[in-house]
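**Q** This is the structure I have questions about; it appears just below.
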Amino acid sequence: MRCMPAAGFARPIEPLKQGEIALWLAKVSALQDVAGGTADAPSIEQAAQMLDAEETERLVRFRHLEDRMSYLAAHAGARMLLGRLIDVPAKTLRFEPSAHGKPALVAGPADFDFSLSHARGAVAVAAARMSIGVDIEPLREVDDMASISEIALAEEERKVLWSAPAALRSRLFLRYWTLKEALLKAAGLGFTIPPNIVVIDAGPSPAVLSVPDALGPAGQWRLIASAV
Ligand SMILES: CC(C)(COP(=O)(O)OP(=O)(O)OC[C@H]1O[C@@H](n2cnc3c(N)ncnc32)[C@H](O)[C@@H]1OP(=O)(O)O)[C@@H](O)C(=O)NCCC(=O)NCCS
């Protein structure tokens, strides 16, 4: 795993090796701006100029400033990171969605994949020369755990959740949720697959236990979790 300190870089960076993952994680503040901007941290205006017409149209539709800033950071950040990894200017990258909506680089290297996630206050972008999915969620108390866990978790996972100490349950639920969402994003299917038919072990060394046929063999997927 190559954890990137910034999404943008003044100089080219090492291309990805087979099996390597580049990950950029960042906090996003609604008020944060860097006057003038730098190659590592562009200003809001410079970031907005990297987006294409469709991204710009989606950006302005966000009603909450925090959501807008996270969307901007994730999309500009993805462009900067991917552009550096394949040595193409960020603004010229073009994306096309798959049948289920996973964006892919147009004319990118054949084995190259990426994934992004934006939540209020934080963003994540991951890239690799294999299928990859990333998800980020703010740690918080989860309301209505009983009904949401029915939708998100398989029966055996719900048993693990409800046997955990009450004070740890929200954290455990969010761990299940982000790992499953990342897996479904890696497969390019998102929530077209109900998350409660995917079974994982969300323990200290997370693992995929059982998946529907659309995801292929469970053993081909690797899960990585972190709480920051
Ligand atoms: C992918 C999905 C799980 C994202 O969930 P989320 O928690 O709202 O959002 P995140 O910030 O973590 O991820 C969003 C990003 O995932 C990516 N994404 C969208 N669909 C995806 C898919 N099928 N597979 C992988 N990644 C996908 C996009 O980059 C998206 O960013 P954008 O909305 O800014 O363009 C959810 O939107 C989904 O299941 N979509 C697919 C099903 C669907 O509705 N399809 C209809 C289109 S055919």
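**Q** I need every pair where a residue in region 90-106 that is closer than 18 Å to A126 by Cβ has its Cβ under 8 Å from the Cβ of a residue that is near the ligand (Cβ under 8 Å from one of its atoms) and among the small types (G, A, S), sequence separation at least 6 or different chains.
**A** Short answer, once both residue conditions are applied: S98/G188; G101/G190; K102/S115; K102/G188; K102/G190; A104/S98.
**Q** Output yes when any residue across region 152-159 is modelled with pLDDT of 95 or more and within 25 Å of A47 (Cβ to Cβ), and no when none is.
**A** The first filter runs over region 152-159 and keeps only residues modelled with pLDDT of 95 or more, leaving 152-159.
Imposing the further condition that a residue be within 25 Å of A47 (Cβ to Cβ) reduces the set to none.
No, there is no match, as no residue in region 152-159 is modelled with pLDDT of 95 or more and within 25 Å of A47 (Cβ to Cβ).
**Q** Among the residues of region 111-125, is there at least one that is basic (K, R), out of contact with any Cys (no Cβ under 8 Å at 6 or more places or on another chain), more than 16 Å from A202 (Cα to Cα) and touching a residue at least 12 places away in the same chain (Cβ under 8 Å)? Spell out the reasoning first.
**A** Taking region 111-125 first, the residues basic (K, R) are 120.
Of the ones still in play, those that are also out of contact with any Cys (no Cβ under 8 Å at 6 or more places or on another chain) are 120.
With the extra rule that they be more than 16 Å from A202 (Cα to Cα), the set shrinks to 120.
Add one more test, that the residue is touching a residue at least 12 places away in the same chain (Cβ under 8 Å), and what stays is 120.
Looking for residues that are basic (K, R), out of contact with any Cys (no Cβ under 8 Å at 6 or more places or on another chain), more than 16 Å from A202 (Cα to Cα) and touching a residue at least 12 places away in the same chain (Cβ under 8 Å), one finds at least one in region 111-125, hence yes.
**Q** Could you count how many residues in region 16-41 are within 21 Å of L85 (Cβ to Cβ), modelled with pLDDT under 90 and touching a helix residue (DSSP H, G or I) at 6+ places or on another chain (Cβ under 7 Å)?
**A** Of the residues in region 16-41, 1 are within 21 Å of L85 (Cβ to Cβ), modelled with pLDDT under 90 and touching a helix residue (DSSP H, G or I) at 6+ places or on another chain (Cβ under 7 Å).
The values are calculated or read from the model by the stated rules, or taken from the named source; none is laboratory data. What you see is a predicted model, and the numbers here were worked out from it, not measured in a lab. Cβ atoms come from the backbone with ideal geometry, glycine included; neighbour counts cover every protein chain shown.
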